[in-house]
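Reading through the structure tokens given below for one structure.
The values are calculated or read from the model by the stated rules, or taken from the named source; none is laboratory data. Since the model is a prediction, treat every value here as computed from it, not as a measurement. For neighbour counting, all protein chains shown are included, and Cβ atoms are generated from backbone atoms with ideal geometry for every residue, glycine included. The accessibility values were calculated without ligands, DNA or RNA, using every heavy atom of the protein model including side chains. Shrake-Rupley method; radii C 1.70, N 1.55, O 1.52, S 1.80 Å.
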Amino acid sequence: MKALDNREKRIMAILRDSTIPLGVSSLSEETGWTDQAHVVGAAMGLTDRGLASLSEEESVLVKLGVEGHKAARDGLLEMRMLEWLQSRDPQNRSMAAISEDFDKTEAGAGVGILRSMGVRIVGGRLEAPDMQGALSEAERRTAFIMALSDSPIPANELDERLTSHFAKRRGLIELERSVSRSWSATEKGLSLGAEELIEIDQINEITPDLLQGDAWRTKEFKPFDIHAPAPIPLGGRPHPLQSLIDRIRAVFLEMGFSEISGNFVQSAGWNMDALFIPQDHPARTMQDTFYLEDPAKMEIESSRLEQWEGTHERGMGTTSSGWGGNFDKDESRRGLLRTHTTVNTVRHIAENPSSPSRVFGVGRVFRQETIDRTHLPEFHQIEGIIHEESASLPMLITTLRTFYSKMGYSDVRVRPAYFPYTEPSIEVEILWRGKWLELGGAGIFRPEVTQPLGTDWPVCAWGMGLERLAMLILGLDDIRELYQPDLMVLSKMPIL
Ligand code: PHE
């Protein structure tokens, strides 16, 4: 057995001399140590070695809550009501009068309490067959509250019936539970030889002064247990999702892209019509999209609305024949929370139709999803486009492959897909632990999208899920873990 350290020796000596178990405060007093952690540490050390035994006692302290303080000041509700009853003739003790004389929140609750004390309501009037009995109960309750108004009282010194009565009423009392620990010497502790408790002059800390002289050569050093469990200090760090976003940004910037962003609030026109998503497309319904009450309508230049109307109805300005049907400009003006970040890239082209560009953005999008292991109503997309004369499908695929391989996933494959705004359309998958996982959509914008925006160049476009990628990188199987503010869990996620 490792020898006792000085603190343990000191506490052991005190426990041996005491006929009763000693708690933290008596031990602090006896030792004169101001840091209770030293007392507890030493006493626990002795307990672990079987030299002291620990007893824990739970105690409950009762104190007044907010309503309790009010009752101590203004009188307990049932007392005030009984006094009110007494002050009027029986025929004037009506429910209507009580609701007039007491405040709304009090009247209902108070009558409820009176009824539990034997007061009855007969023909809209309150009757107290045992007024004396009710009054004396109200007095006992008042005395209970008044006793607590000076200072909290341990539960075992109070009337248990009244404590449990008030515990059921909101805000009157609060119960504070605590555990008090005390230690006493065990047989084994009592049988230690006196020499084992002699404190030795140990060096606890190696300081420069000490090393300058020679005195240390003959001294004893406090042993350190390098295997003792110690708390892991929690340093600050960026949220893992933020680190991932930063890494993605670094990768695209390195690949020569510029960053763009946009507002969460958009019109249906820019979010959908500009992308040639038909107005009766199922994704446009309330079940999928968060439409806004404010702003319910958004301003859109009339030339844009005319253009979308023409393109949707008959392919105006393009070689397409459009979707047919009737285009509704009011539908375009509706305000919504963007459902994808493709709205940002489309607006970027609209603003820069004749300059080539390679832009990306990581942004939040909103959809009416039921929250589960893989879905959230708010999530992020990694969006981007290449808008230039020589843009092509192979260029798109190579770009995405390069991106994912820089993120650490070099097995990328694409499969044919469908989006109303791209042709061809592809789905991008990466190989993860032997399975192909779908991470997003991409394609070449259709002429119905690009020509009305004023460009004849092809546009490579993609929109990938960020959270999906984060789950792979961080090894999570529940998307919600990314958004739970559990510092312990977050601190253990890998640093990206
Ligand atoms: N906007 C699509 C989505 O939200 C992704 C996408 C972007 C597809 C660009 C094709 C082109 O899933």
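Observations, loosely collected:
- The angle separating the long axis of helix 6-17 from the principal Cα axis of greatest extent in the chain is about 40 degrees.
- Cubic angstrom per residue, convex hull over Cα atoms of segment 306-443: 152
- Ranked by the mean number of other Cβ atoms within 10 Å per residue, highest first, peptides 418-431, 447-460 order as 447-460, 418-431.
- Three principal axis extents describe the C-alpha atoms of the chain; from largest down they are 99, 98, 41 Å.
- Farthest toward positive dipole pole in segment 66-171 [+1 Lys/Arg, -1 Asp/Glu at C-beta], among Gly124, Gln91, Ala155: Gly124
- The chain: angle of helix 131-150 to the longest principal axis, Cα-based, in degrees nearest 10: 80
- 26 Å tail of the calculated P(r), segment 1-149, as % of Cα pairs: 53
- Pairs of Cα atoms in segment 66-171 fall into 5 Å distance bins, from 0 up to the last occupied one, in shares of 2, 11, 23, 24, 17, 12, 6, 3, 1 percent.
- Packing-based ranking, highest mean first, of 483-491, 330-338, 220-228, 177-185 given that Cβ atoms within 10 Å are counted: 330-338, 177-185, 483-491, 220-228
- Taking the charge dipole of the chain about its Cα centre, with +1 at Lys and Arg Cβ atoms and -1 at Asp and Glu Cβ atoms, the residue from Phe252, Thr341, Ser392 reaching farthest to the positive side is Ser392.
- Pairwise centroid distance, computed over Cα atoms, of segment 71-133 with segment 273-293, Å: 59
- Taking a Cβ cut-off of under 10 Å around Ile200, the surrounding Lys, Arg, Asp and Glu residues balance to a net charge of -1, with basic ones at +1 and acidic ones at -1.
- Here's the picture: charge each Lys and Arg Cβ at +1 and each Asp and Glu Cβ at -1 in the chain, and of Met44, Thr374, Leu192 the one pushed furthest to the positive end of that dipole is Thr374.
- Evaluating 6.51 cos²θ - 1.76 cosθ + 1.60 at θ = phi - 60° for every residue in segment 39-48, the Karplus couplings come out as 5, 5, x, 5, 5, 5, x, 5, 4, 4 Hz, glycine and proline recorded as x.
- Spread over its residues, the convex hull of the C-alpha atoms of segment 198-293 is 346 Å³ per residue.
- For Glu205 and Glu56, a Förster radius of 30 Å and the Cβ-Cβ distance give a FRET efficiency of 0.35, rounded to the nearest 0.05.
- Helix 302-314 vs. the chain, principal-axis angle (Cα, 0 to 90°, nearest 10): 70
- Computed with a 1.4 Å probe over protein heavy atoms only, the accessible area of Val412 comes to about 10 Å².
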